[in-house]
1. Being within 15 Å of the ligand (Cβ to nearest atom), touching a Lys or Arg at 6+ places or on another chain (Cβ under 6 Å) and of a type in the set (Gly, Ala, Ser) is true for just one of ALA68, ALA38, ALA64. Which residue is that?
2. So which residues in the range 105-135 are touching a strand residue (DSSP E or B) at 6+ places or on another chain (Cβ under 7 Å) and small (Gly, Ala, Ser)?
3. Residue pairs, Cβ under 6 Å, 6 or more apart or interchain, first in the range 25-45 and among the acidic types (Asp, Glu), second not in a helix (DSSP H, G or I). List them.
4. In the list ARG135, ARG126, ARG147, ARG211, which residue meets the criterion of being among the basic types (Lys, Arg), farther than 28 Å from PRO47 by Cβ and without any contact (Cβ under 8 Å) to a residue 24 or more places away in the chain?
5. ILE73 passes all but one of (1) in a loop (DSSP other than H, G, I, E, B); (2) of a type in the set (A, V, I, L, M); (3) within 15 Å of the ligand (Cβ to nearest atom); which number fails?
6. Could you tell me whether GLN75 is among the polar types (S, T, N, Q), touching a His at 6+ places or on another chain (Cβ under 6 Å), at negative phi and in contact (Cβ under 8 Å) with a residue 60 or more places away in the chain?
7. Quick one: which of THR81, THR127, THR120 is over 15 Å from the mean Cα position of the chain (by Cα) and crowded, with 24+ Cβ neighbours inside 10 Å?
8. Look through the range 228-267, keep the residues that are in a loop (DSSP other than H, G, I, E, B) and under 19 Å from the mean Cα position of the chain (by Cα), and return whichever of them is surrounded by the most Cβ atoms within 10 Å (Cβ to Cβ).
Amino acid sequence: MTHDGSARDRIDTGRAHSARVYDYILGGKDHYPVDVEAGDAMVAEWPSMPVSMRQNRLFMNRVARYLAREAGIGQFLDIGTGLPTSPNLHEVVQEERPDASIVYVDNDPIVLAHAQALLTSSSQGRTAYVDADMRDPGAILESEAFREVLDLKQPVALTIIAMLQFVPPPDDYALVRRLLDQLPSGSYLAISTVTDEFAPEEINRVMELYRGRGIPVVTRDREQVEAFFDGLEMVEPGLAQVHRWRPDPEQESVDTSQVGMYGAVARKP
Ligand SMILES: C[S@@+](CC[C@H](N)C(=O)[O-])C[C@H]1O[C@@H](n2cnc3c(N)ncnc32)[C@H](O)[C@@H]1O
């Protein structure tokens, strides 16, 4: 893995990238004017987009805490990690289990360029980063990080948070299965992804803005998201809008129409 000049050389500042648009809308600092233009256009179409993204990030935190604390999971494979945003998954997990191991995967050179901030593991645990595309699962499964950091005799949580909207059919289900098939019984799958069920017009206009910038995106309805979990044991409350999945008591209250993401967690029997 390199996260030096070569990653920076690959960064394309001529067109918007999903990781950087997300970073911009969430108030981060690792983006370019082209991402600001895209993000502003999207938020103009759907002013609740920052709320939805924030709620997704809080969902990720609650899922990571649940998996480490309640499900007893100490190994994580996180696909579509995004730019470092505090707290990162390993920080949430290692607060519960300092010995936890996390393998991060993303295909964007800007995430690779900032990967150092994801490699700040506790001394008892480990973090690693794989520069790979989910559409090429072999590259993930054959990577040194996957093979050396994760012990496949122990359960692993496969977390794919706010990422599958960028993986259109027909390969989407098979790609998730290919990764899950490598993990032992007792492993978990956690997903959040975009739905247009709660603000259809606004979200479909945002989707058109992504597509117009060369970023393929899809929305999915409840059934289509649930299908990723076929054959797995859903954790309560099952599939929910992300802000309704095991909410914290002090959580900001939001309207249904402000959140365009479904999320769920399930156990592999
Ligand atoms: C919206 S961000 C989500 C970041 C983080 N998981 C979260 O929920 O806060 C989506 C991330 O998925 C990454 N991504 C998109 N398509 C991908 C692919 N085919 N393989 C690996 N990563 C991908 C993008 O680069 C981006 O960093």
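1. Only one candidate passes the filter, namely ALA38.
2. Within the range 105-135, ALA115, SER121, GLY125, ALA128, ALA132 meet the criteria.
3. Close Cβ pairs (under 6 Å, with a partner that is not in a helix (DSSP H, G or I)) amount to ASP30/LEU83; ASP35/ALA16.
4. Answer to the selection: ARG147.
5. (3)
6. no
7. Of the residues listed, the single one that is over 15 Å from the mean Cα position of the chain (by Cα) and crowded, with 24+ Cβ neighbours inside 10 Å is THR127.
8. Among those that are in a loop (DSSP other than H, G, I, E, B) and under 19 Å from the mean Cα position of the chain (by Cα), it is GLY260.
The values are calculated or read from the model by the stated rules, or taken from the named source; none is laboratory data. What you see is a predicted model; the values in this text were computed from it and never measured. Heads up, the Cβs are rebuilt from the backbone with ideal geometry, glycines too, and the neighbour counts pull from every protein chain shown.
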